[in-house]
Number of protein chains: 2
Amino acid sequence: MKKIVLALAVSFLVVSMQAQEKIMGFTEANAARQLNWEKQFDASIKASNQDEWMKFLSSHPHHVGSPQDKANAEYMANLFRSWGYQTEIVSYYPLFPTPKTRKLEIVGNKNYKPKLQEPPVAGDKTTEQTAEQLPGYNAYSADGDVSAELVFVNRGVPADYEELARMGVDVKGKIVIAKYGGSWRGIKPKVAAEHGAIGCIIYSDPADDGYVQGDTYPEGAFKPKDGVQRGSVMDMPVYPGDPLTPDVGATKDAKRLDRKDAMTIMKIPVLPISYADAQPLLELLKGQLVPPSWRGGLPITYHVGPSVEKVHLKLEFNWDQKQLYNVIAKLPGSELPDEWIIRGNHHDGWVNGAADPLSGMVAEMEEARAISELVKKGYKPKRTIVFCAWDGEEPALLGSTEWVEDHQQELKQKAVIYINSDGNGRGFIGASGSHTLEPFFNEIANDVMDPQTNVTIKERHYARMMVRADAATRMKMLGNKNIRLGALGAGSDYSSFLQHLGIASMDIGFGGENQGGEYHSAYDSYDLFVKFKDPGFHYGEALTKTAGRITMRMANADVLPFNFNSFYKTVNDYVNEVQALLDNSRSQTEVENKMINEKLFVIANDPAKTYVPPSVKGLVPFLNFSNLENAMVQLKNASAEFQKLYGKATQLSTDKVNQLNDILYKAERSLINPEGLPRRSWYKHEIYAPGYYTGYGVKTLPGIREAIEQRNWTEAQGNIEIVAQRLEAYTGQVNAAIALLK
Amino acid sequence: MKKIVLALAVSFLVVSMQAQEKIMGFTEANAARQLNWEKQFDASIKASNQDEWMKFLSSHPHHVGSPQDKANAEYMANLFRSWGYQTEIVSYYPLFPTPKTRKLEIVGNKNYKPKLQEPPVAGDKTTEQTAEQLPGYNAYSADGDVSAELVFVNRGVPADYEELARMGVDVKGKIVIAKYGGSWRGIKPKVAAEHGAIGCIIYSDPADDGYVQGDTYPEGAFKPKDGVQRGSVMDMPVYPGDPLTPDVGATKDAKRLDRKDAMTIMKIPVLPISYADAQPLLELLKGQLVPPSWRGGLPITYHVGPSVEKVHLKLEFNWDQKQLYNVIAKLPGSELPDEWIIRGNHHDGWVNGAADPLSGMVAEMEEARAISELVKKGYKPKRTIVFCAWDGEEPALLGSTEWVEDHQQELKQKAVIYINSDGNGRGFIGASGSHTLEPFFNEIANDVMDPQTNVTIKERHYARMMVRADAATRMKMLGNKNIRLGALGAGSDYSSFLQHLGIASMDIGFGGENQGGEYHSAYDSYDLFVKFKDPGFHYGEALTKTAGRITMRMANADVLPFNFNSFYKTVNDYVNEVQALLDNSRSQTEVENKMINEKLFVIANDPAKTYVPPSVKGLVPFLNFSNLENAMVQLKNASAEFQKLYGKATQLSTDKVNQLNDILYKAERSLINPEGLPRRSWYKHEIYAPGYYTGYGVKTLPGIREAIEQRNWTEAQGNIEIVAQRLEAYTGQVNAAIALLK
């Protein structure tokens, strides 16, 4: 009896191991090997490394041009070298302005004395390094010396100006004050300038990341009253990187634009301030009450203004070139050295930058170290692994953009995937990326355990989605644990890979239990991080495990684990969305025009308040979606057929597998339109782009969607045809892959 | 040619006048006469009267038991008499507690010195009458002397305690602090006591009616930092009126309960405070952050507590009987003196009570005066008009409840309708009531012009609904201008008429452009009112015109303008709602139970925070709605048939018309269940009641709906049968009306 029982147990074990061993793109034998390496990888990960490296890297302010920025690059390069990587520091020389004069006054009011400084916090040593810090400023603001009445513009996005127009408030010749949030910060002065404002103040309202959200530093992680969010206001939705060298690397001798011709430099002066400095300015504002959704958390009544008193804003910058230090560390592939798996995170911070970016950077370093341990034990990545530590992400994705522009021909050929991370902390996995990667990523999320609970990061993600959903969504979602990848907009170093070159990309990180208000302030310190963001670096380890698996599976897959079905389904959702957007716009325009004609807006308005009714809008035409719809049907059929055949791919000859892999990772390139998007040709991906008026916020099918939003029907129709052509080209690649498998 | 043109013009005029002259329940000839009287009525209305009366009536605090309360009753009675009304002052003698001791301390903290007083405001004379004011207190709070840790309970409704239970916070033996709003205030200490709290503090958060909402008094109408909302915390969802004399008038020699047996007196001490007094208490609270929806507008981080420090609350009251002065003024009907049209508003205020209640009271007085002018010119109401000015509404609807209980036999026979108003101000018509009255009310809303715009109050109401609606609702609503009557819950003097006796009732008033934070505070003054609430009393005039028309058309209709179709449709909506409530509860329970079993709530929770998962709930059964559904079909058919025949009603013989009218106004009585609602037999209407746990908030089909909400399936089934029986009885009345018309 005993023997039989044992045999049964063993066979059960074998079955369950086999079931486990099926991983996308690997033969069974290779999968078993791969999973074994991953186990050893996990076992070698040490949280204490991340702690030690963060302590050093965050020990002094390390913004572009600072001594610590260079020291950090060298520190990391030495480590990568010590782990056996072919490592170089690659420098570029972009324009990087730093503040010379920052003056903010209420004209005729001597009592207003804004601090414009972040005082040290007891018990946090690095907050005392005020002499080394860049003070609160917005990089690529214009120089300016302006005095004018102040107007509150909420988040400063186009819809806010429509609302102001309804109230009869014009910002022409005024200085605007906007709350941080609701859009990428660079949108605020851009839209303000479009409306004729001559200056822009941005402040951190306590409702967004101050005492309203939680206890302030040092009791909690939220923004104290004098905390200031630094940040770039370059017009990155037009192009990121050095404003003087669009599309080419900012090498020493690159041809440069004249500064006055650089269209991404902001047109008006912009200054970020704390809520303590903002409150007296907001108290100057008269005029109508703000709409309820505009209110902040200060103990005042918010008005739109304008103020009676004038505000004086004077800003001058040092318009210098600064040297960037990208660290590039390669582990050449044993079989396919010209297929590159690129993993990156930036290393520059606005001040001490513990959470942003070092929490992600040290996780990446630990991946590199742990892989080097495996290599010592015989692990051989088939493909080349490239670890990158980018400089100058904060000002404008400078380091990654210049490197990608500089190496674009090589990258178009060799780059299989770019895997990005940035800040990381306690909580839940968050992932965005090319939707061909969704099943692959889910497989990995199912293999990594959450550090705090006894479930996988996928299970924990599902639990959160379910708990946060409303009743109707819960019913629909129940049992469906698939993690939907978000679409990539802008905000970190994947932009040039994905949106300029069409390299399939991912951006991952943990968060949700790491909230705070330290972002881009002097309080983003090591002390705050280990107290509030990821004590013990357990989520640093989880990021290492997750991103490490992505890197290693991509590096060693027999057949690259891209999935066209997943791409088709997602794009199909986007097509349905833009069609619904057009239809809703049509019916809403009809109803609103009737309401305007019947004067309902005027009649409903409080006559004691100024109200300028909206104008009747042109009717929304029907557009011809047939080419796009036909392209989608072809894509659907081809994708379904390919995925049916995918299981056979590992049985192909080496030569055919290599051809297939080439198609698989280059398929994303066919989504690139060489002409680029309207009015911003640098952005060439027809499925994903940052919003022209949202910044970070992604716009999918951007050419179509933004044209509909801007009511430019000719452009919308034109872009429907462009997207249809790109999808036809993409389907061509899928069909070529099918041909290899038949 | 000229002659012909003229003839055409005249005939057009006649047609359009005839079209106008069709008003519900009047023969054409009588309609023309009625409309002519209404024109004269409008012409005689003077805003200056309302101004003058409000100035006098609000000149001193006029709460129950104050000299001004009595003086006001006499002032009004004299006016009604001078206008020819048979007028009497009818007194009752209810229990009305006033504060003797109010002590609030932080134990061991001498620095906390709450004001518990509302300081005078410069430029507003009556705010200086501090010696005459009742200070901030909650009437019918228990006496008490308690010391305990403090817990923040948000609005203090049952859902808030469920949330606290999830955080592992128990209020047993604690003092709770709750924000005003979100429920009737009496719910807060009641639910607190049910959960074991020993004291309750209620404060006015600036997010609700202070600086967050708008400029504070005297710059604007919102609550200054020391403003306090007084108010009753009697358990009125059980029964309103004198706690010692339920169901009978509190006459001098009425039999009274012992105070300890009066179940509507609150079980724990309760004190309302200002936000200035509340902030230091809220700052004591430790523990978890409040859920985002619980946050208020103070410049602090809100925590749930408990506090480490103890709070000491000591309250003692004078438990006295006080004399009430209801003014009852009658104009006997010329033809049907035993059919009463009753119009009422209360006259007592918590302090100077300009907006609440005098703005409605003076509009009613002007109705009475203007009607008396018509009477001098020959106008003869067929039915008796009764104008009422109630005392003691603020503490517990005392005056109206005692009068209705005292006269219940007569009212059941004679009362055709009760028309209520209370506070009134600039803005939009708001109307709630028995749904048989909806078409009648809409006809009137179409005949009254809005004072600020060139449209009717109905058009303006429609404009607002459209402008405020989301896109989907706008599309559905476009062109449908019908004003839907709200359902009556509690909160003013209609309760005993409608919910105790089944007298069809309405409650109307203007508002929406009169926002402020003066409610039940010393700042509800004449000065504030004429500056911010209804400058020029133009909406006072509009209320006079609207309520005056309701009164006069009801008084003179040949056939009473009740509409059964409208009642059917509304109740049908309610039946659909409770069925959907049950179905949703069933599917949500299923999903939530699965989520609990899979530990999703625990997995999704931040392990750094205490979390107590909810327990699996019993499954929700299917209930038998067939009797109710059959009753609805019968009601639908009968109502449709009656409304088809209604046009013929004016042609009936006088005797038959009288019989028909008797049926029409008594039909609502058949909705009365003599046994009353579960656990609160005073409330007998099976369609409308105040919520047992919401207070003001109405619950329609209360017996069914609250049983489903409380998961008491046996009670729900029983109440389905009761409602079905009441609707069958109602349909019996409709059929009797049809028989008269056939």
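A few points about this structure:
- Looking across region A:440-455 at every residue that is within 14 Å of chain B (Cβ to nearest Cβ) and in a loop (DSSP other than H, G, I, E, B), the one that is nearest to A:Ile687 (Cα to Cα) is identified as A:Asp450.
- Looking across region B:468-491 at every residue that is crowded, with 22+ Cβ neighbours inside 10 Å and at pLDDT below 95, the one that is nearest to the other protein chains (Cβ to nearest Cβ) is identified as B:Gly489.
- Annotation note: of A:Glu721, A:Glu728, A:Glu706, the sole residue that is part of a helix (DSSP H, G or I), assigned by TED's automatic domain parsing to the domain that holds A:Thr570, within 25 Å of A:Ser183 (Cα to Cα) and among the acidic types (Asp, Glu) is A:Glu706.
- Subset of region A:50-77 [farther than 21 Å from A:Lys125 by Cα and touching an Asp or Glu at 6+ places or on another chain (Cβ under 8 Å)]: A:Val64, A:Gly65, A:Ala73, A:Ala77
- Count of residues meeting criterion [free of Cβ contacts under 8 Å to residues at least 60 places away in the same chain, more than 7 Å from chain B (Cβ to nearest Cβ) and more than 20 Å from B:Tyr539 (Cβ to Cβ)] in region A:595-612: 4
- Qualifying residue in region A:110-121 (condition: hydrophobic (A, V, I, L, M, F, W, C), closer than 21 Å to A:Pro189 by Cα and not in a loop (DSSP other than H, G, I, E, B)): no
- Only a single criterion out of (1) more than 27 Å from A:Leu701 (Cβ to Cβ); (2) touching a residue at least 12 places away in the same chain (Cβ under 8 Å) is not satisfied by A:Val467, namely (2).
- Flag for A:Tyr539 being within 26 Å of A:Ile385 (Cα to Cα), in contact with a strand residue (DSSP E or B) (Cβ under 9 Å, 6 or more places away or on another chain) and either aromatic (Phe, Trp, Tyr) or surrounded by fewer than 21 Cβ atoms within 10 Å (Cβ to Cβ) (or both): yes
- One residue stands out among those in region A:279-313 that are hydroxyl-bearing (Ser, Thr, Tyr) and within 12 Å of chain B (Cβ to nearest Cβ): the one that is surrounded by the most Cβ atoms within 10 Å (Cβ to Cβ), which is A:Tyr302.
- Criterion violated by A:Val571 - all others in (1) more than 12 Å from every other protein chain (Cβ to nearest Cβ); (2) free of Cβ contacts under 8 Å to residues at least 40 places away in the same chain satisfied: (2)
- Candidate set from region A:141-163 (those that are of a type outside the set (Ser, Thr, Tyr) and surrounded by 24 or more Cβ atoms within 10 Å (Cβ to Cβ)); member that is nearest to the chain's Cα centre (by Cα): A:Gly156
- Residue within region A:479-491 that is touching a Lys or Arg at 6+ places or on another chain (Cβ under 7 Å), without any contact (Cβ under 8 Å) to a residue 60 or more places away in the chain, of a type in the set (D, E, K, R) and not in a helix (DSSP H, G or I) present: yes
- The single residue among A:Tyr692, A:Tyr683 that is closer than 21 Å to A:Gly433 by Cα, crowded, with 21+ Cβ neighbours inside 10 Å and at pLDDT below 95 turns out to be A:Tyr692.
- Within region A:305-402, strands (runs of 3 or more DSSP E) holding 1 or more residues that are more than 22 Å from A:Ser496 (Cα to Cα) and aromatic (Phe, Trp, Tyr): A:310-321
- Residue ID - nearest to the other protein chains (Cβ to nearest Cβ), chosen from residues in region B:613-639 that are small (Gly, Ala, Ser) and assigned to a loop (DSSP other than H, G, I, E, B): B:Ser615
- The requirement of being surrounded by fewer than 17 Cβ atoms within 10 Å (Cβ to Cβ) and at pLDDT 50 or above is satisfied by A:Glu28.
- Taken over region A:653-667, the criterion of being surrounded by fewer than 17 Cβ atoms within 10 Å (Cβ to Cβ) and touching a helix residue (DSSP H, G or I) at 6+ places or on another chain (Cβ under 7 Å) is satisfied by A:Lys656, A:Gln659.
- Of residues in region B:289-342 being more than 26 Å from the chain's Cα centre (by Cα), small (Gly, Ala, Ser) and assigned by TED's automatic domain parsing to the domain that holds B:Asp258, the one nearest to B:Ala557 (Cα to Cα): B:Gly297
- Complete set of residues in region A:574-591 that are over 30 Å from A:Gln643 (Cα atoms) and more than 8 Å from every other protein chain (Cβ to nearest Cβ): A:Leu581, A:Leu582, A:Asp583, A:Ser585, A:Arg586, A:Thr589, A:Glu590
- Scanning region B:318-332 for residues that are farther than 28 Å from B:Thr384 by Cα and not charged (D, E, K, R) yields B:Asn318, B:Trp319, B:Gln321.
- Residues satisfying the stated conditions in region A:405-439, i.e. crowded, with 24+ Cβ neighbours inside 10 Å and in a helix (DSSP H, G or I): A:Glu405, A:His435, A:Thr436, A:Leu437
- For region A:215-259, the tally of residues that are at positive phi and part of a loop (DSSP other than H, G, I, E, B) stands at 2.
- Filter result for B:Ala649 (surrounded by fewer than 23 Cβ atoms within 10 Å (Cβ to Cβ) and touching a residue at least 40 places away in the same chain (Cβ under 8 Å)): yes
- Residues located in region A:475-489, provided they are more than 22 Å from A:Phe567 (Cβ to Cβ) and small (Gly, Ala, Ser): A:Gly479
- Among the candidates B:Asn424, B:Asn420, B:Asn352, residue that is within 17 Å of B:Gln68 (Cβ to Cβ) and among the polar types (S, T, N, Q): B:Asn352
- Selected residue (criterion: surrounded by the fewest Cβ atoms within 10 Å (Cβ to Cβ)) from residues of region A:498-521 that are away from every other protein chain (no Cβ under 14 Å), in a strand (DSSP E or B) and out of contact with any Asp or Glu (no Cβ under 9 Å at 6 or more places or on another chain): A:Ile508
- Among the candidates A:Gly241, A:Gly227, A:Gly196, A:Gly186, residue that is over 27 Å from A:Glu675 (Cβ atoms) and either of a type in the set (Lys, Arg) or in contact (Cβ under 8 Å) with a residue 40 or more places away in the chain (or both): A:Gly227
The values are calculated or read from the model by the stated rules, or taken from the named source; none is laboratory data. Because the structure is a prediction, the values reported are computed rather than measured. Please note: Cβ atoms are built from the backbone with ideal geometry, for glycine as well, and neighbour counts cover all protein chains shown.
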